Amino acid sequence: MEKKLELTFYGGTGSVTGANFILREPDGLTLMFDCGLTQGEVVCDNCNLDDFPYDVAAVDYLFVSHAHIDHIGRIPKLVHDGFRGKIISTPPTKDIAELLLIDSIGVLEKEAKRGGTPPLFGREDVERALSVWETAGYHEELAIGEFKIIFKDAGHILGSAMTEVSYGAKKIVFTGDLGNSPEPILRDTEAVGHPNYLVMESVYGDRAHEHRDERRRLLEDVISQTYNRKGVLMIPAFSVERTQLLLHELNAMIEEGLIPPVPVYLDSPLAIKVTAIYGKHKSYLADEALQSLTGGKDLFDFPWLHRVMQSEESKRIIEKPAPKIIIAGSGMSNGGRIVHHEKAYLPDPNNTLLLVGYQAAGTPGRVLQDGASEVELMGESVPVRARVLTVSGYSAHRDKDGLFDFVAGGVDTLEQVYAVMGEPKAALFLVQRVRDNLGINASAPEAGQTIVLDF
Ligand SMILES: [Zn+2]
């Protein structure tokens with residue numbers, strides 16, 4: 001007998017952030033995929049505080065693709081609001097999520113005070129979420145009712161997973177975010193396999209990254225220029241993956257004698273803590289990285305690297321002579337220590353701001369990327385005379401061809417592709433390409449849209 005499931009897109013439609021999807025078995029189980037924060041969108045303001053538009057207590061399982069905040073940020077609120085099910089992710093995802101969620105409590109409390117609203121969640125909510133959070137490795141089959149579920153390596157950040165759901169005679173895959181493979185630290189994104197339905201990210205659906213050699217040359221050039229100008233190079237970076245990749249790259253460039261000796265300040269306690277998690281989950285690393293580690297090498301350490309934990313130390317970076325490189329969060333300059341450095345150094349034309357990650361619409365990072373001559377940081381207008389450069393080659397996401405090739409791998413079985421987690425232009429570009437070149441039905445769903453799928 002033909003079975004049916006209902007798929008509803010509650011978040012991550014028309015925007016990169018806020019991933020939240022639900023698959024319902026009529027009169028049966030309710031499975032949720034990711035429960036992320038909406039970040040930086042002008043339309044949102046306080047939307048993360050809104051009630052969930054469904055019965056939270058009816059959700060039986062939440063599968064978490066990876067530990068980025070736009071995929072996990074509302075989990076503590078979900079638990080607070082009555083979720084009584086189980087949360088399941090890979091072990092590194094749980095560890096990184098714990099760090100990131102606990103770390104965000106302070107920021108949320110400050111924001112709440114400023115806005116006169118209650119904080120999104122507190123420590124108790126995070127602890128309750130962790131107490132119902134179980135883990136499964138890649139390819140460990142979970143049998144849940146009539147569902148069979150496995151995680152596959154998405155190659156995006158440490159522990160990142162696609163979730164493959166088999167039900168009746170068919171399969172649906174939720175990609176989470178897909179990595180920019182090959183990368184030196186992580187294993188390659190696995191093939192899509194043979195699903196019938198695909199809910200896939202489309203962050204860079206309409207854009208290409210530089211070639212790998214090109215990204216390294218760009219980084220080399222900007223470091224040499226910083227050295228020659230006695231300037232400051234600021235790199236806003238996400239604490240997970242981008243920072244580790246940059247440290248790994250700088251390490252390699254120093255060993256090969258490609259860059260002059262510029263001190264590097266890793267001004268992020270969170271990134272320092274996340275880096276330690278990489279050592280704990282060695283089996284999730286690429287072979288090359290694993291070999292270096294077992295050979296006794298520290299993947300992310302090199303001379304001239306200063307790890308800055310205390311905020312007093314962070315404040316003293318300004319006294320250190322230029323040239324210097326500062327890597328700090330947040331990746332979109334909407335908070336964190338990078339904002340203090342930007343206030344100090346953006347007004348000077350000898351300095352450079354290097355953007356290596358995605359800058360969501362509405363964030364200061366996006367304003368800077370778009371070439372603004374001034375930017376508002378912590379309620380203050382700051383003139384921008386420093387150079388602002390973007391290197392997309394260090395992105396943790398596949399670019400337009402990478403995404404297309406990924407879908408093309410499933411052409412024999414795919415009946416329908418849903419492009420999510422992209423701004424409308426990017427999602428629609430991918431949709432059109434999949435329809436025209438692969439002959440597969442594709443669409444960019446709208447917020448709240450429900451689709452009945454045959455299984
Ligand atoms: Zn991500």
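The values are calculated or read from the model by the stated rules, or taken from the named source; none is laboratory data. It should be emphasised that the depicted structure is a prediction, and the values quoted were computed from it without experimental measurement. Every residue, glycine as well, gets a Cβ built from its backbone with ideal geometry; the counts of neighbours run over all protein chains shown.
The residues of the range 7-34 that are crowded, with 21+ Cβ neighbours inside 10 Å and part of a loop (DSSP other than H, G, I, E, B), listed by number, are GLY12, THR13, SER15, VAL16, THR17, GLY18, ALA19, ASP34.
Conditions tested, residue by residue: (1) within 14 Å of the ligand (Cβ to nearest atom); (2) surrounded by fewer than 24 Cβ atoms within 10 Å (Cβ to Cβ).
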site	(1), (2)
PHE174	yes, no
VAL199	no, no
SER202	yes, no
ASP206	no, yes
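In the range 397-416, of all residues being within 16 Å of the ligand (Cβ to nearest atom) and part of a loop (DSSP other than H, G, I, E, B), the one that is nearest to LEU355 (Cα to Cα) corresponds to HIS397.
Conditions tested, residue by residue: (1) in the same structural domain as LEU250 (by TED's automatic domain parsing); (2) modelled with pLDDT of 95 or more.
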| site | (1), (2) |
| --- | --- |
| SER373 | yes, yes |
| GLY379 | yes, no |
| ASP401 | no, yes |
| ASP405 | no, yes |
| LEU414 | no, yes |
| LEU428 | no, yes |
| GLN432 | no, yes |
| LEU438 | no, yes |
| GLU446 | no, yes |
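So in the range 64-82, with the set limited to residues that are part of a helix (DSSP H, G or I) and at pLDDT below 95, which one is farthest from the ligand (Cβ to nearest atom)? Of everything passing the filter in the range 64-82, ILE69 is farthest from the ligand (Cβ to nearest atom).
Restricting attention to the range 217-233, the residues that are in contact with a Lys or Arg (Cβ under 9 Å, 6 or more places away or on another chain) and either among the charged types (D, E, K, R) or crowded, with 18+ Cβ neighbours inside 10 Å (or both) add up to 5. Within the range 124-163, the set of residues being acidic (Asp, Glu), in contact (Cβ under 8 Å) with a residue 12 or more places away in the chain and either within 16 Å of the ligand (Cβ to nearest atom) or not in a helix (DSSP H, G or I) (or both) comprises GLU134, GLU146, ASP153. When the test is whether a residue is outside the structural domain of PRO184 (by TED's automatic domain parsing) and modelled with pLDDT of 95 or more, ASP348 passes it.
Take the residues of the range 258-273 that are out of contact with any helix residue (DSSP H, G or I) (no Cβ under 6 Å at 6 or more places or on another chain) and part of a helix (DSSP H, G or I): which is surrounded by the fewest Cβ atoms within 10 Å (Cβ to Cβ)? The selected residue is ILE272. Look at (1) surrounded by fewer than 23 Cβ atoms within 10 Å (Cβ to Cβ); (2) at positive phi; (3) within 16 Å of the ligand (Cβ to nearest atom) and you find that GLY168 fails only one, number (3). The residue of the range 274-306 that is surrounded by the most Cβ atoms within 10 Å (Cβ to Cβ), among those that are modelled with pLDDT under 90 and either of a type in the set (A, V, I, L, M, F, W, C) or not assigned by TED's automatic domain parsing to the domain that holds LEU245 (or both), is PHE300.
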